[in-house]
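Nothing in this text is a laboratory measurement; each read-out follows from the coordinates by a stated rule. Predicted, not measured: the structure shown is a model, and the values here were computed from it. Using ideal geometry, Cβ is built from the backbone for each residue, glycine included, and neighbour counts are taken over all protein chains shown.
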Amino acid sequence: MRRTPIVDALQAEEATKEIKICGWVRTRRDAKGFSFLEMNDGSCLKNLQAIVDESVPTYEIIKDVTTGAAVEVLGELVPSPGKGQKWEVRATELKLLGTADADDFPLQKKRHSDEFLRQIAHLRPRTNKYGATFRIRSEASFAIHNFYRDKGFFNVHTPILTGSDCEGAGEMFRVSTLPATGVEAPKEGSVFDNDFFGREANLTVSGQLEAELLAMGLGKVYTFGPTFRAENSNTPRHAAEFWMIEPEVAFADNEDNMDLAEEMTKYVVKHILDNCADDIELFAKFVDKELMGRLENIINEPFARVSYTEAVELLSAAKKKWEFPVEWGIDLQTEHERYLAEEHFKKPVIVYDYPKDIKAFYMRMNDDGKTVAAMDVLVPRIGELIGGSQREERMDVLLERINEMGQNPEDYWWYTDLRRFGSVPHAGFGMGFERLLMLVTGISNIRDVIPFPRTPQHIEF
RNA sequence: UCCUCGAUGGCUCAAUAGGCAGAGCGGGUGACUGUUAAUCACUAGGUUGUAGGUUCAAGUCCUACUCGAGGAGCCA
C-alpha cells in the first residue's frame, strides 16, 4: 500500500477506510489505554493526529514512539471529534521505522533559539520554522523559473569553475588539484602550469559575463545558480556560498532593467503569498509581526525610483545625523540605504545612475560622462536586494573603462569581442536569492534561509 | 577585518553588594477513556566556555584565548 502524504490526507473530501501515513512524531500524548500521536512528514506545516489504542497489535511499542521517532501508521481516516483538526487516523497497525532516544534527541516540543538550531542544521528541517523556510525556498525557486519562462527567457547554465580571476565582484576561492605543500613554480612560468587547468582557476563570483555572451545569441536569458565569495564577511546578510538569479536582456536599457527587477520581485512575493499561506502565516505570527504589511506593500505599491544624485540631495536635506558623510561621489552607506527604504519612502527604492568611479567597468557610461547606468534595488530591513546595470556596448568606451580601472583588456578578449560583432544595448542584474527569502519570510539571518550555510570558519554538514 | 555585548543542567534563562548554584521546559517513574506545546504527582540531572590570576572565599573581579550574537566595511 502506498503512503498518503499528510498534506493530501488533511485535504480529504471524505473518510477513507484504509490509509497509510508515514512521518516523524512531533508529540505523543498518553491517556489510559490509548495514545495520541502527532505526525509530520514535511509535506506541509500541519501535523496529522493518529489515535493508537490497545486493539493495535503492536501497542506495547508505544513507549518507544517518542518525539523524533519515525513511524508508519495504517488505519482509517475519520472526522476528528476533537477540536483543532478536521481529520484524524484511527490506527489499526503501528510500525516503528526509526527510534529517537528521548535522552539524546535534541529537538523539544518547545521553541529553540536559531543559534542552537544552526548547530544542529542536520535536524532543523524537522522543526516547523525551518520546514516552512525550506518549503518556501523551493516554491520561490519554482516561481522564479516560472516567471522567466512565461516572459520568454531561456535558463542558461554558466560555469561554476572559471578561469578568469577578475570578474570584479570580490575575492575568489581558488580551485586546484595541486598538493597542499611543496609545490614550486617552474623556472619560467607559474605554479599553475602544472595545475589541472594549466592556469589559475576559481569558483565563480557571478555568471554575468557569460550570461551576457548567451544573451547576445538567445536574446533573453537568466542564470540561477550558486556563487562563491571568499570575503571575510561576518554579517547576517552575507554568506560565502549563495544562490543568485541573474537575468541578461539584449536590446534593453536600464529603464527596462528596473521594470524587470520590480516585476520579478512582485511576482515572487505574490506567488508565495498565494501558494504558501500556512507557512507564511507562521512567519507573520512568530518571526516578524510586520511581515504581512510589508509584503502587501511590495505587491501593491510601485517601487520608488530616484537617481543617485537625487538620493544624495534627499539625504543631505534629511534631519539626521549621519555617521558617514553624504557627498556626491561617495557610495551610499548602509545607514543611508536604510533611511531611504525604511524611513523616507517606506518601501523598496531603486537608486540609479551612480558615479562611474564607484561602479564596475562594464556599466554603461551615461551622456553626462560622470555617471553610469547602474541600478540598485534597496528594500527595508535587508538593504541591497538587487544590483544591476545597462552594460557598455560601445567598444571604445569599454576599453577605455577597463584601462581606467587598471585592468588588462586581454583578459577579457572574449567579452570585448562581443562589441566587435553585432553589439547591441543590453542590461541585466543580480538578485541574491537568500536575501529575497529573508524579505519574504522576515527571517533576519542569511544563515537561516539556506539549509547548510557557509560563512568564514563554518563548513560543517 | 574593526567595534560592542554575551557564554551557568539537554534547551531557555535566574542568582542582591564577591559568601550554601535555582526555575521553567525537556528526560525518567506513576496517575488519567478524547488530548491539542495536555494535565497532575514524584524524581534524576552542574567541575558555571578554556587557561591563568586576585581573595579567607569567585558564576560574580582582572588577563589571555575560544565560541556565539549585534553593528560596520565588502557585496547579492
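Annotation: for a label point projected 7 angstrom from Cα along Cα→Cβ of A:GLU323, residues of the range A:338-373 with backbone N closer than 17 Å are A:338-343.
Can you give the extra length, in nm with one decimal, that the chain gains between A:LEU161 and A:GLN333 once fully stretched, where that is 0.36 nm per residue apart less the Cα-Cα distance? Show your work: numbers first, answer last.
On the way: separation 172, 0.36 × 172 = 61.92 nm, distance 3.21 nm.
That pair, A:LEU161 and A:GLN333, stretches by 58.7 nm at full extension.
In terms of packing, defined here as the mean over residues of other Cβ atoms within 10 angstrom, the peptides A:362-372, A:112-122 line up highest first as A:362-372, A:112-122. Placing one equal scatterer on every Cα of chain A and applying the Debye formula, the log10 ratio I(q)/I(0) at q = 0.10, 0.14 Å⁻¹ is -0.85, -1.30.
Between A:ARG199 and A:GLU296, the modelled label-to-label distance comes to 5.6 nm, taking each label 7 Å out from Cα in the direction of the beta carbon. Measuring between their Cα centroids, the range A:38-84 and the range A:160-222 lie 53 Å from each other.
Evaluate E = 1/(1 + (r/R0)^6) for A:PHE461 and A:LYS370, where r is the Cβ-Cβ distance and R0 equals 45 Å; express this FRET efficiency to the nearest 0.05. Here the calculated transfer efficiency is 0.40.
If R0 is taken as 41 Å, the Cβ-Cβ distance between A:ARG420 and A:LYS46 corresponds to a FRET efficiency of 0.10.
Counting only DSSP H runs of at least 4 residues, each contributing -39500 (n - 2.57), and dividing by the residue count of chain A, the helix-based mean residue ellipticity at 222 nm comes to -8000 deg cm²/dmol.
Using θ = phi - 60° in the Karplus curve 6.51 cos²θ - 1.76 cosθ + 1.60, the 3J(HN,Hα) couplings for the range A:369-382 round to x, 10, 10, 10, 7, 9, 8, 10, 9, 9, 10, x, 6, 10 Hz; x is entered for Gly and Pro.
Per-residue 3J(HN,Hα) values for the range A:354-362, derived from phi via the Karplus relation 6.51 cos²θ - 1.76 cosθ + 1.60 with θ = phi - 60°, read 8, x, 4, 6, 9, 10, 6, 5, 7 Hz in sequence order (x marks Gly and Pro).
Separation of the range A:266-344 from the range A:5-36 is 43 Å, based on Cα centroids. The length gained by stretching the chain between A:ARG381 and A:CYS22 to full extension, at 0.36 nm per residue less their Cα-Cα distance, is 125.3 nm. Between A:TYR59 and A:GLN108, the FRET efficiency estimated from the beta carbon spacing at R0 = 30 angstrom works out to 0.70.
Test of understanding: what is the full-extension gain from A:ASN445 to A:LYS32, defined as 0.36 nm times their sequence separation minus their Cα-Cα distance?
Working: separation 413, 0.36 × 413 = 148.68 nm, distance 4.47 nm.
Difference between extended and current length: 144.2 nm.
Using only side-chain charges placed at the Cβ, +1 for Lys and Arg and -1 for Asp and Glu, the dipole size of the range A:6-98 relative to its Cα centre rounds to 320 debye.
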